[in-house]
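Visitor: Structure provided below as structure tokens; questions to follow.
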């Protein structure tokens, strides 16, 4: 696969000419109207969880392929469950093990899958831009959802985080949000920053050692802190990132223990934030590395709530892309 | 994971305060009323197999996770099929390959899965007590079914065996049941002995070399035989155990061939039993090791019938745990 | 597993005494009436793809096992999707990884699966005759579909090819069809030749180097060409075979590049054929080995169409075998 260009123009392909959601590739290229529509639709789906029958027939007879070029049991499962709750036919393909290793190109594989009258591809890929490349090359009737591509983007994670914040805090314009940790390798952080900006968040801070910050991060409109105590002071929301050990080739941090000493969130540091501050983490948590167990399991933590919201947000994105919003069917 | 205590008190957590089945972790802690309710409910499901549409909507919209920490294609498939016939949404996770190897703890994984609004976890684990540990740590709305944990318990297997015996023999109080083989490593045997005792079986015998018997097995109320000819004499039911080759580290038996000579069930030995004796085996069969092909495929064998009954019993347990019995819905 | 005999008598087991389709094991043993019934039924299913809800309830409550003894993500996925669109309960088992490696025989595995009240086994196996062996040994209520067995047969592929030809060409008796490539290792080619003969195709040609032709291929009623230019001249249909690299032990071809020079289909050679000739390939395509990209992606190529038709044909075969044709239900 040729490494595609990830440009800002191209991402506008996410919306149809009349402004409806077609693909979800990255937060950039969306607008606040679409963002709120997704969050509102997710709100309507989140009540399903309290019903005895946790299922709606919105996507019955739709065919959705979960295409995983990179392992992620958790993300794959979440999308699979979201699809099943929408009554879609879900097929999961581990494409590392598929005919791509019989010499077939990625495009041939995609063309084959769309010839089976698919409606949606959910794509997880280790290369930045992969989902966008696929969206540019599929038939017009197919929607593509990016379930994480390289260091680029993980938009459903950012959306579920926004959903979680909105549930607790309503007005984004008054919020101080601190994102702490490995910004450099984090597709989650990139997507969060774009979403927070789009929602006019009062202040977005990134807190990290210099070695874990991308160059020119200030251009994204964030305030940079290298000291966590200063970074979380008076914050309304603290988003801890996962230390991507498996992505960290070379010695960007001295040791996990020292990382925790310098950048881990413990109870003392949490007290520096607003006393109603939320503590967020995309999971899976490295306990004692990014965050102490007392904080991860404490009353301000929204970590498990985020998982629940992830289902509602994914159901919202899948149904909106396929033209069925939660409120209007059946 | 801390190795939990497997105590007799704790297993009463299987029942709700008003005596309904909540979890199925082991036969101990159940009572004869529940046992009969499971078998009666299974009876109502066993007729589904003769219908053209082998499906009932009892668990529609329920989310059931098949959590396999140990491989078992057959058991996983049986539960998956039972769940699909109840119209549940089934998700299978091989947790050896999952985020537990990203450093996440077992409890974090479980918490994540229950945050997706699961209704049931079916757990297969190589450690004794794992299912019980999980049941003690899940949210109140989740049911846990033990699909085999270490050497401890395999309650659905024991229940399907009781179902099979009841189909042929009605009154347990008059029966002589001989369990033959590797009692030491067998979670199946432990569960069978408890179930047979609970159903007031006339006599329960265990037949095995000393090396394949746990210490103080007599305390479970069984008669011990080291000679198979004596052990199967006049028996009404002969349950052959699988020789767990993969569990047998070290030389507990001299050779497979010698094992067959001393403990295998052949036609001559079968003639020593009651002439209507049932021959049972949990599968998969090691032909010529535990049992000769002539006996395994003979008219007294219930081996394949047990597989069929396994589906009905699992459907019964799943629906009872989730509060829906076979007879009363739709 | 004992290697079964693959004889012409045995394949008549595919039809019930009153001539209905029971198993699909190979094209031999079918007749033109059945062939046309399958193609007509597929026609009725192919319109489903244009519907918003791509699903019919024909096989609701049926249990279908996808039994793969050999990897084939693409074929497995196609059958799984076909089954889901018919509303069947689909279970996929990778039998390389299953209890067959716990020492259980193939027949024991099959007996277990049919004891779960299965309705259909879809079988992919590396040994010729495996599907037939299984069909001879299953219970009377079970249908078996051959999804490819060794070098023997791949009947659903041949049927979808016939469906594709019929869509474009109507009358088979006037057609010249050239099959080009590795005839020797191709179960697809064998099945295609039998199907084309059964449909009274005007002329069937095989085009291959001597090393890639089976002995006595002329006995199947085909004309043999060793020169591709002569072989495709005036052809109405050119079927390119996949070069089965993974099956080609030893040096039957000098190099991929030389193979393309001598037997690859390029635009110059395509011009020798009828100007409305179809270019077919079962996929996955080795671009630049069997076929140039310009031809594979050109206007005469039906490669992706074949994939779409594969779904309709598999739905037709599955529903006919289980006694439900597309037109008569609901």
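Visitor: Search the stretch C:190-207 for residues being part of a helix (DSSP H, G or I) and at pLDDT 95 or above, and hand back the single one that is surrounded by the fewest Cβ atoms within 10 Å (Cβ to Cβ).
Guide: So, considering only residues that are part of a helix (DSSP H, G or I) and at pLDDT 95 or above, the one surrounded by the fewest Cβ atoms within 10 Å (Cβ to Cβ) is C:197.
Visitor: Quick one: how many residues across the stretch C:209-243 are more than 23 Å from residue C:28 (Cα to Cα), at pLDDT below 95 and under 21 Å from the mean Cα position of the chain (by Cα)?
Guide: So the answer is 1.
Visitor: May I pose another question? Go through the stretch B:8-40 and give me each residue that's within 22 Å of residue B:167 (Cβ to Cβ) and part of a loop (DSSP other than H, G, I, E, B).
Guide: B:27, B:30, B:31
Visitor: If I filter the stretch B:87-96 for residues that are touching a strand residue (DSSP E or B) at 6+ places or on another chain (Cβ under 9 Å), crowded, with 21+ Cβ neighbours inside 10 Å and more than 30 Å from residue C:59 (Cα to Cα), do I get at least one hit?
Guide: The answer is yes, given that some residue of the stretch B:87-96 is touching a strand residue (DSSP E or B) at 6+ places or on another chain (Cβ under 9 Å), crowded, with 21+ Cβ neighbours inside 10 Å and more than 30 Å from residue C:59 (Cα to Cα).
Visitor: Within the stretch C:125-162, track down each residue that is within 14 Å of another protein chain (Cβ to nearest Cβ), closer than 18 Å to residue C:311 by Cα and at pLDDT below 95.
Guide: C:148
Visitor: Which one of C:52, C:87 is more than 30 Å from residue C:199 (Cβ to Cβ) and within 14 Å of chain B (Cβ to nearest Cβ)? Talk me through it step by step, then tell me what you get.
Guide: Details: C:52 fails: within 14 Å of chain B (Cβ to nearest Cβ).
After applying the criteria, what remains is C:87.
Visitor: Here's another thing I want to ask about it. Report the residue count in the stretch B:41-55 for those that are within 16 Å of residue B:310 (Cβ to Cβ) and in a loop (DSSP other than H, G, I, E, B).
Guide: Filtering the stretch B:41-55 for residues within 16 Å of residue B:310 (Cβ to Cβ) gives B:41-49, B:54.
Applying the additional criterion that residues be in a loop (DSSP other than H, G, I, E, B) yields B:54.
The qualifying residues number 1.
Visitor: Residues of the stretch B:171-189 being more than 21 Å from residue B:272 (Cβ to Cβ) and surrounded by fewer than 24 Cβ atoms within 10 Å (Cβ to Cβ), which ones?
Guide: Correct list: B:171, B:172, B:173, B:184, B:185, B:187.
Visitor: Something else: For the stretch C:168-183, name all the residues that are touching a helix residue (DSSP H, G or I) at 6+ places or on another chain (Cβ under 6 Å) and free of Cβ contacts under 8 Å to residues at least 40 places away in the same chain.
Guide: Within the stretch C:168-183, no residue meets the criteria.
Visitor: Report yes if residue A:102 is away from chain C (no Cβ under 14 Å) and either modelled with pLDDT under 90 or over 30 Å from residue C:283 (Cα atoms) (or both), otherwise no.
Guide: Taking the combined requirement at face value, the residue does not satisfy it.
Visitor: Can I ask one more? Every residue in the stretch C:56-80 that is assigned to a loop (DSSP other than H, G, I, E, B) and either under 23 Å from residue B:75 (Cα atoms) or out of contact with any strand residue (DSSP E or B) (no Cβ under 7 Å at 6 or more places or on another chain) (or both), please.
Guide: Keep residues of the stretch C:56-80 that are assigned to a loop (DSSP other than H, G, I, E, B), which gives C:56-62, C:69-72.
Those that are assigned to a loop (DSSP other than H, G, I, E, B) and either under 23 Å from residue B:75 (Cα atoms) or out of contact with any strand residue (DSSP E or B) (no Cβ under 7 Å at 6 or more places or on another chain) (or both): C:56, C:57, C:58, C:59, C:60, C:61, C:62, C:69, C:70, C:71.
Visitor: Would it be correct to say that residue A:120 is away from every other protein chain (no Cβ under 12 Å), under 20 Å from the mean Cα position of the chain (by Cα), touching a residue at least 60 places away in the same chain (Cβ under 8 Å) and under 24 Å from residue C:83 (Cα atoms)? So that I can check it myself, show each step before the final result.
Guide: Values: away from every other protein chain (no Cβ under 12 Å): yes; under 20 Å from the mean Cα position of the chain (by Cα): yes; touching a residue at least 60 places away in the same chain (Cβ under 8 Å): yes; under 24 Å from residue C:83 (Cα atoms): yes.
Answer is yes for this residue.
Visitor: Filter the helices (runs of 4 or more DSSP H) completely within the stretch C:81-178 down to those with at least 2 residues that are farther than 30 Å from residue C:236 by Cα.
Guide: C:106-115, C:130-137
The values are calculated or read from the model by the stated rules, or taken from the named source; none is laboratory data. Note that this is a predicted model, so its numbers are computed, not measured. With ideal geometry, Cβ positions are generated from the backbone for all residues, glycine too; neighbour counts draw on all protein chains shown.
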